[in-house]
Amino acid sequence: MNVALTAQPHAPEALYRLFRSAMEPHVVVARGEPWNDERERAQFFEQLAAASVQLIVVKDQVVGFVDLRAFDDHSVVHTMVVAPQWQSSGIGSAVLEQLKTKWNRISLSVLKANPRARRFYARAGFRETGSTEHHYQMAWVSNPSLSMRQYQEGDEAAVVGVWHRSGRARYTFLPTWQEFSLDMARKIFREVIMPRCDIWVGVQDDRIVAYLAMNGSQIARMYVDPSEWRRGWGSRLLELAKKLSPGGLELYTHQQNASARAFYEKHGFVVIRFGISPPPECAPDVEYRWRSA
Ligand SMILES: CC(C)(COP(=O)(O)OP(=O)(O)OC[C@H]1O[C@@H](n2cnc3c(N)ncnc32)[C@H](O)[C@@H]1OP(=O)(O)O)[C@@H](O)C(=O)NCCC(=O)NCCS
């Protein structure tokens, strides 16, 4: 989905309507009383910095806005709203990714009464820096020590190590994986994965912590070191996979791999069929597919 940020002129009243549509349920909880239009409107216009507003545009439609205050070395997201009917479709993440390319530090406040937004920012790498009665303060700081690159000679031991640790930690329900030795993993990596796949690695402070193996549009392997689970590596690799194969992606995972299934489904993958993995494993598996919107 193409998400654009534009500084084009905008009607303040339209911004207020967007703000209200997205914020009313959370403000009502935070204040413990119904929406007081007069008060909220007055506060909104008092705080709005019209010159720092950028509209979020998708398919020529304004779907939200960001009021981003710029300082010398950092920026503050004063307000960011995506209209309810456009939420949960990756627009907010796309906006943050664009802002991250321009700033080394971005901070914001999120209502305590809005746990979804708090999770959303946490997933995007924002960390809590403080709190007030009704808000958590959060900040994201760019991390030049985090990168993704193509597999290079000399990466084998690290990649096989990540794969082996991650698989054994996740597949406690698969006897074949629990018996799978590091030597066997190295052999399969050399003889099966390397010759067939393009391999990418995620690197943190010079340490390989995740890898992705692509066979055409097939995600053949995607593994994150257990110590790094739920820190955004899977999402970063999946974004990369979508760029490498923009027309679509396919993959297999185990039916019992609930966390991987939740992860793929959150990223727009749908189940194509249920089956059984090839011998010697012979475990219930599931094929997933993602197609660009
Ligand atoms: C599946 C895997 C690649 C995801 O990578 P990751 O870096 O942990 O994922 P991200 O941090 O980008 O995304 C995390 C999101 O995935 C989902 N998810 C991940 N683990 C989950 C769990 N145990 N329970 C529920 N949801 C989970 C959630 O939506 C989560 O978002 P949240 O933390 O905000 O709730 C990784 O956990 C992994 O290596 N697992 C073991 C190997 C594996 O199963 N690979 C897939 C084989 S097909």
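The values are calculated or read from the model by the stated rules, or taken from the named source; none is laboratory data. Since the model is a prediction, treat every value here as computed from it, not as a measurement. Positions of Cβ are generated from backbone atoms using ideal geometry, with glycine treated the same way; all protein chains shown enter the neighbour counts. In case anyone asks, the SASA skips ligands and DNA or RNA and just uses the protein heavy atoms, side chains included. Shrake-Rupley method; radii C 1.70, N 1.55, O 1.52, S 1.80 Å.
So here's what we get for this one:
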| read-out | value |
| --- | --- |
| Of all residues making up the range 260-286, the number that are crowded, with 16+ Cβ neighbours inside 10 Å and within 23 Å of A210 (Cβ to Cβ) | 10 |
| Residue match in the range 221-230 (condition: of a type in the set (G, A, S) and in contact (Cβ under 8 Å) with a residue 24 or more places away in the chain) | no |
| Those residues of the range 114-146 which are more than 16 Å from the ligand (Cβ to nearest atom) and modelled with pLDDT of 90 or more, in sequence order | T129, G130, S131, T132, E133, H134, H135, Q137, A139, V141 |
| Pick from the range 217-236, criterion part of a helix (DSSP H, G or I) and near the ligand (Cβ under 6 Å from one of its atoms), ranking: surrounded by the fewest Cβ atoms within 10 Å (Cβ to Cβ) | S235 |
| Residue ID - farthest from the ligand (Cβ to nearest atom), chosen from residues in the range 237-259 that are open to solvent by less than 20 Å² (accessible area, probe 1.4 Å) and in a helix (DSSP H, G or I) | A241 |
| Single unsatisfied condition, R20 versus (1) in a helix (DSSP H, G or I); (2) within 28 Å of S142 (Cα to Cα); (3) more than 19 Å from the chain's Cα centre (by Cα) | (2) |
| Pairs, first in contact (Cβ under 8 Å) with a residue 12 or more places away in the chain and in the same structural domain as A51 (by TED's automatic domain parsing) in the range 71-85, second loosely packed, with under 15 Cβ neighbours inside 10 Å and part of a strand (DSSP E or B), C-beta under 6 Å, six or more apart | H74/R105; V76/R69; H78/R69 |
| Verdict on V95 being touching a residue at least 40 places away in the same chain (Cβ under 8 Å) and under 30 Å from E265 (Cβ atoms) | yes |
| Sole exception among (1) open to solvent by less than 50 Å² (accessible area, probe 1.4 Å); (2) closer than 30 Å to T6 by Cβ; (3) in contact with a strand residue (DSSP E or B) (Cβ under 8 Å, 6 or more places away or on another chain) for Y171, by number | (2) |
| Answer from D206, D155, D183 - the residue that is open to solvent by 50 Å² or more (accessible area, probe 1.4 Å), more than 13 Å from the ligand (Cβ to nearest atom), modelled with pLDDT of 95 or more and of a type in the set (D, E) | D183 |
